[in-house]
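Please read the structure below before turning to the comments.
Read the figures in this text as sums done on the coordinates, not as results from a lab. The shown structure was predicted, so the numbers you read here are calculated from the model rather than taken from an experiment. No Cβ is skipped: glycine too gets one built from the backbone with ideal geometry, and neighbour counts run over all protein chains shown.
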Amino acid sequence: MRKVAFQPTALWLDSMAAIGSVRGGLGLRQHLDRALVQALSQGNMDPVVVTLVVSDLPGKDCTSIASTAEFPMTADGVAAYKNQFLDPIAAILDDPRYAPLRIVTLVEPETLGSMVSWPQEPPCVEARTSGVYVQGIRQAIATLGAVPNVYVYLDAARSSVTGWTEVSGPLIDLFGEVVEGTPGVHGFVTNVANYVPVEEIFLPDTTKLVAGAPLYWTRWVDWNPHIDEDDYTRFLRAALIEAGFPSDIGTLIDTSRNGWGGSARPAAVSASFDVNTYVDQSRLDRRINRYNWCNQLNAGIGERPAAAPRPGVDAYIWARPPGESDGASDGPNRWCDPNYTPPSGGWRPSGATPGAPGYGIFWPSYFRDLVRNAYPPL
């Protein structure tokens, strides 16, 4: 646990109040002051990088029955988002005192991907047809990108949600639409606050045949050609470059909870001749299904934050501080309820850990489990 305390994590600016005080603690300026002390104490060593998650888009959480949006999904909401949220953040970041810092902003997780992966959800349909999500994120890119030492990374969901060809194609098109006419972005970030492993080492190829059946037929893979974040980010970069993005466009991967170590981690590929059993016994990701996202059972801390760990990957980061809850077990979001199973998929229960406190609250017992299940081990 002490080793985890010395790893860098992101600061979540997910409300107007968070700018002044995150979860009742330090505000943005106070965090930057501490980072500046660290930077100055290091002298001429590598610059200190501060990572911020910017998450207060009008009408955000369009897939959720328990949206936490502060601003309405309207033109007035976009104006308020800029004036009351983005502008105050940018004003602090633009303070000349913070020029020695490198500030990375992860812009609006679970927004653009939601519009293309949940096209039948009425709030997501409204987000797309109204143009509010696109307008808001364009404002975020322009406002934050105007600060010289700020680097903007757009959220690109994760392989288990936007990996399908019928979803990833429209997502790439949407990225082009959002960025057009803005100062541009430095890259894209995947797996924010999620659990998808960087690499499924025992399932390198979903076209592999087991007893004549390809792996992508299985319930787990579900016809998705991208089974892990390494495969997804390589595909994403190639598609973005082909669509006209710069050839040096980079990606970030959140590895804070995608380690999947512990006693349940497989040590070798399955020997089964049943294709579903083969996948289930070989996969590192132990979630009940790949869509689950809330306080997942048996998760573990993943790779430590590191710069340039793979070609095309600018860094592994910890966007979600390990131990912070995704939502209360008895709260309004059904996917955080350990007993919830969607009516349309009886074999797809939530996989959430019982006893969770509210969103963003540090949860000691879950943190302990993440530490014990860390891979590589701490």
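Which whole-number percent is the relative contact order of the chain (Cα, under 8 Å, 6+ apart)? It rounds to 14 percent for the chain. The rule of thumb for compact globular proteins, 2.2 N^0.38 Å, goes into the C-alpha radius of gyration of the stretch 8-155 1.09 times.
The calculated FRET efficiency for the pair Ala267 and Arg348, based on their C-beta separation and a Förster distance of 25 Å, comes to about 0.40. Over all directions, the projected convex hull of the C-alpha atoms in the chain averages 18.3 nm² in area. Free of any chymotrypsin sites (Phe, Trp or Tyr not before Pro) that DSSP assigns to a loop and that have at most 11 other C-beta atoms within 10 Å, the longest stretch within the chain is 7-272.
Using the alpha-carbon centroid of each, what span in Å lies between the stretch 157-178 and the stretch 1-64? Distance between centres, Cα-based: 28 Å.
Using 1/(1 + (r/R0)^6) with R0 = 35 angstrom and r between the beta carbons of Val37 and Gln84, what's the FRET efficiency to the nearest 0.05? Here the calculated transfer efficiency is 0.75.
Within a Cβ distance under 15 Å of Asp46, other residues only, what is the Lys/Arg minus Asp/Glu net charge? So the surrounding residues net to 0. In terms of other Cβ atoms within 10 Å, Arg283, Arg29, Arg128 run from fewest to most in the order Arg29, Arg128, Arg283. Distance from the C-alpha centroid of the stretch 227-245 to that of the stretch 76-90: 31 Å, rounded to the whole angstrom.
Basic side chains Lys and Arg get +1 at the Cβ, acidic Asp and Glu get -1 at the Cβ, and with that the dipole of the chain about its Cα centre reaches some 1060 debye. Each of Leu26, Leu13, Met1 was placed along the dipole of the chain (beta-carbon charges, centred on the mean Cα), and the one lying farthest toward the positive end is Met1. Put in line by how crowded their Cβ is, counting other Cβ atoms within 10 Å and starting with the fewest, His31, His226, His186 read His31, His186, His226.
Among DSSP bridges having both ends in the chain, what percentage is antiparallel? Round to the nearest 5. Antiparallel bridges: around 20 percent, rounded to the nearest 5. Based on the Cβ-Cβ distance from Ala243 to Thr207, what FRET efficiency comes out when R0 is 22 Å, to the nearest 0.05? So, using R0 = 22 Å, E works out to roughly 0.30.
Fully extending the segment from Ala146 to Arg219 would add 21.8 nm, taking 0.36 nm per residue of separation and subtracting the current Cα-Cα distance. Counted by neighbouring Cβ atoms within 10 Å, the residues Ser159, Ser365 run from fewest to most as Ser365, Ser159.
Distance between the C-alpha centres of the stretch 330-344 and the stretch 247-285: 25 Å, rounded to the whole angstrom.
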